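In what follows, a single structure is set out as structure tokens and then discussed.
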Amino acid sequence: MTTEMPTRHSRSQSGSCLSVELPRSQRAGVGAYWLSPFWERRCSNVPKQTESRGLPWENQTVQQRFTSIEHYNLWPQAHLHTEWPGDGKPGDAIFDQFVASQVPGVPDFIRQQVLNRDAIVSLLDKIGPAILLTHLQSGAFGWPVADARPDLVKAIIAVEPSGPPFFDIQNVGAPEWFRYTTMMARPWGVTADPLSYSPPAANASDLEIVPQGKADGPNLSTCWMQKDPARQLSDDDSPSQSSLGGIKFVHAEPPGQRKRARG
């Protein structure tokens, strides 16, 4: 018996970035690691992606966030990055292939979250129980799906999910390193979609938040957290959850940040 595993990609990308093989690099794509006789992988594109007027990533942004981040050092751990095949710059065959796969993205991140929640819920209603795997910006899409269909989401695997809770962070380099944006990207903590808390929260503003006084460790950002006593996400039929990420990546986060946001 196989288990369904729907996967969601990041902004300005498509299901092709989760491919089984990368022919130019002579390396297996990330999708190859998910192939198994025990689950059926489905990689679908973000709704409205091809209709969007948003622009794909610019070359410099791709280098700063994905391919040669060690040359920009916009956050303290960026110099540890070594895994991109090739030199990660325009003109390199692997870089050019990756850039060619980028597509316009839906610029309104809150709208993205609503569209994806509804689309994934509709998919699960058709295919049945599944393990939901999200990556990067789609990290915010999984939690409201589990909230809406706790009986159909067996587990969530969030790989380098977007964050931190509530507000986005800008990576600005030394010596400041981190700067919070002024617009709240995830007003319900880990997502912009309403979630079921205990005690109930009628509005996102009911989640009273305060800035963390001190980061969990050196070279880490502080976060925003709920005031004590914090509301807790409902545990009724909640799925198993795992958040995975490397410390050198742009979405690296201190242990416990999401727990503080959820309560």
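Geometric descriptor of region 127-193, per residue, is 79 Å³ (volume of the convex hull of the Cα atoms). Exposure proxy shown here: for Leu195, Leu115, the number of other Cβ atoms within 10 Å sets the order, fewest to most, as Leu115, Leu195.
Starting from a Cα-only point model with no solvent, please compute log10 I(q)/I(0) by Debye for region 89-130 at q = 0.19, 0.35 1/Å. Debye output, listed in q order: -0.71, -1.06. Based on a Kirkwood Rh over C-alpha pairs, give the Stokes-Einstein translational diffusion coefficient of region 75-175 at 37 °C and viscosity 0.692 mPa s in µm²/s. Translational diffusion coefficient: 201 µm²/s. Rounded to the nearest 20, the size of the Cβ-charge dipole of region 62-141 about its Cα centre is 260 debye, with Lys and Arg at +1 and Asp and Glu at -1.
In region 62-146, if the dipole is taken from +1 on Lys/Arg beta carbons and -1 on Asp/Glu beta carbons about the Cα centre, which of Ala146, Gln64, Ile131 is farthest to the positive end? Comparing the listed Cα positions along the dipole, Ala146 ranks first. Quickly work out the Arg111-to-Glu83 label distance, labels modelled 7 Å from Cα along the C-beta direction, and quote it in nm with one decimal. Taking the simple label geometry, Glu83 and Arg111 are separated by 3.3 nm. With each label modelled as a point 7 angstrom along the Cα→C-beta vector, the Lys126-Lys154 pair spans 2.0 nm. Distant-in-sequence amide contacts of Gln232, defined by a placed amide H-H separation under 5 Å and a gap of 5 or more residues or a different chain, comprise Ser198.
Throughout, read-outs are computed from the coordinates displayed, never taken from laboratory work. Keep in mind it's a predicted model, so treat the numbers as computed, not measured. Virtual Cβ from ideal backbone geometry, glycine too; neighbours counted across all protein chains shown.
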